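Engineer: Sending over a structure as structure tokens; questions will come in a sec.
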Amino acid sequence: MIFRQLFEPLSSTYTYLLGCPESGQALLIDPVLEMAERDLDAVRALGLTLAWTVETHVHADHVTAAARLRALSGCRIAYPAGEEIEGADAYLGELAPLGLGAVTLRALFTPGHTDTHHCYLAGERLFSGDTLLIDGCGRTDFQGGDAAALYRSVRDKLFALPEDTLVYPAHDYQGRRVSTIGQEKSHNARLGDGKSEEEFAAIMAALALPYPKKIDLAVPANRRCGALPVQPAT
Ligand SMILES: [Fe+2]
């Protein structure tokens with residue numbers, strides 16, 4: 001599998017490029033609007049054709065590049081199962097893996113950060129979205145978020161994966177790029193080292209995070225594949 005980890009600094013988002021050397025097709029997980037051209041250039045520089053964009057969830061902190069990339073390349077747009085998104089081409093669920101030649105992306109339903117969040121597995125790589133971050137996790141106070149659900153998603157589904165599974169999160173705010181399931185099981189300050197569901201719920205309830213700055217723009221746009229509202233002519 002051809003693989004690249006791409007970074008968008010404003011929202012500290014990682015976008016992942018996965019390519020199949022046999023079919024020449026590629027997909028991008030969680031592309032960011034402002035980086036659409038950069039990401040498409042990266043796909044093409046590898047001699048690949050962009051076939052899909054894939055979202056782990058409806059993001060609140062940035063607008064997806066899905067619609068822009070489809071306009072530029074003719075790719076298709078996949079969202080997680082359980083969503084109803086204006087303009088989406090497909091929904092990925094646990095029973096509907098996405099095939100890309102020799103590469104298969106398997107969805108894992110992991111609610112908690114949002115109520116339809118999915119992580120994706122490709123071989124030994126887990127794309128953990130905002131469900132599991134390196135030494136942390138996504139917030140659980142918006143978009144149907146639920147600390148108990150996130151705890152169960154991580155403990156029952158993600159921590160059940162082989163310990164050497166590579167964890168590639170949707171964000172990191174300290175420049176860390178990759179972890180493993182074994183490392184997060186033992187060191188994750190919120191979810192690792194045998195933390196109980198009650199301890200986790202108390203940690204999440206005490207975070208007192210500010211209102212997400214971009215949520216009122218990003219969520220409605222991301223419910224339309226990232227298409228921004230057209231400004232009326234003056
Ligand atoms: Fe998120």
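The values are calculated or read from the model by the stated rules, or taken from the named source; none is laboratory data. Keep in mind that what you see is a predicted model, and the values were worked out from it rather than measured. Virtual Cβ from ideal backbone geometry, glycine too; neighbours counted across all protein chains shown. All accessible areas refer to the heavy atoms of the entire protein, side chains included, with ligands and DNA or RNA removed. Shrake-Rupley method; radii C 1.70, N 1.55, O 1.52, S 1.80 Å.
Engineer: What is the P(r) of segment 123-234, as percent of Cα-Cα pairs per 10 Å bin from 0?
Structural biologist: Binned Cα distances yield the sequence 13, 40, 29, 12, 4, 1.
Engineer: Moving to a separate point now. Given H placed 1.01 Å from N in the peptide plane, which residues other than close sequence neighbours of Leu133 have an amide H under 5 Å from its amide H?
Structural biologist: Excluding prolines and chain starts, which carry no amide H, the hits are Gly138.
Engineer: Moving on to the next point. Using DSSP, restrict attention to beta bridges with both residues in segment 111-199 and report what percent are antiparallel, rounded to the nearest 5. Don't skip to the answer; put the middle values down first.
Structural biologist: Working: 6 of 10 bridges.
Taking every DSSP beta bridge with both residues in segment 111-199, the antiparallel ones total about 60 percent.
Engineer: Carbon-plus-sulfur fraction of the accessible area of segment 16-138, 1.4 Å probe, in percent?
Structural biologist: Details: 2010 of 4120 Å².
Percent of accessible area from carbon and sulfur atoms in segment 16-138: 49.
Engineer: Alpha carbon centre of segment 140-219 versus segment 49-104: separation in Å?
Structural biologist: 22 Å
Engineer: Here is a follow-up. For the chain, what proportion of DSSP beta bridges, expressed in % and rounded to the nearest 5, is antiparallel?
Structural biologist: The answer is about 65 percent antiparallel.
Engineer: Separate question: Net charge within 15 Å of Leu228 by Cβ-Cβ distance, Lys/Arg positive one each and Asp/Glu negative one each, not counting Leu228 itself?
Structural biologist: On the way: positive: Arg68, Arg70, Lys214, Arg223, Arg224; negative: Glu34, Glu86, Asp216.
Net charge in that neighbourhood comes out at +2.
Engineer: Using the heavy atoms of the protein chains and a 1.4 angstrom probe, tell me the accessible area per residue for segment 68-130 in square angstrom. The partial results should precede the final answer.
Structural biologist: Details: 2550 Å² over 63 residues.
That works out to 40 Å² per residue.
Engineer: Then there is this: Just to check, using Stokes-Einstein with a Kirkwood Rh over alpha carbon pairs, what's the diffusion coefficient of segment 22-77 at 4 °C and 1.567 mPa s in µm²/s?
Structural biologist: Numbers: Rh = 11.2 Å.
Estimated via Stokes-Einstein, D reaches 116 µm²/s.
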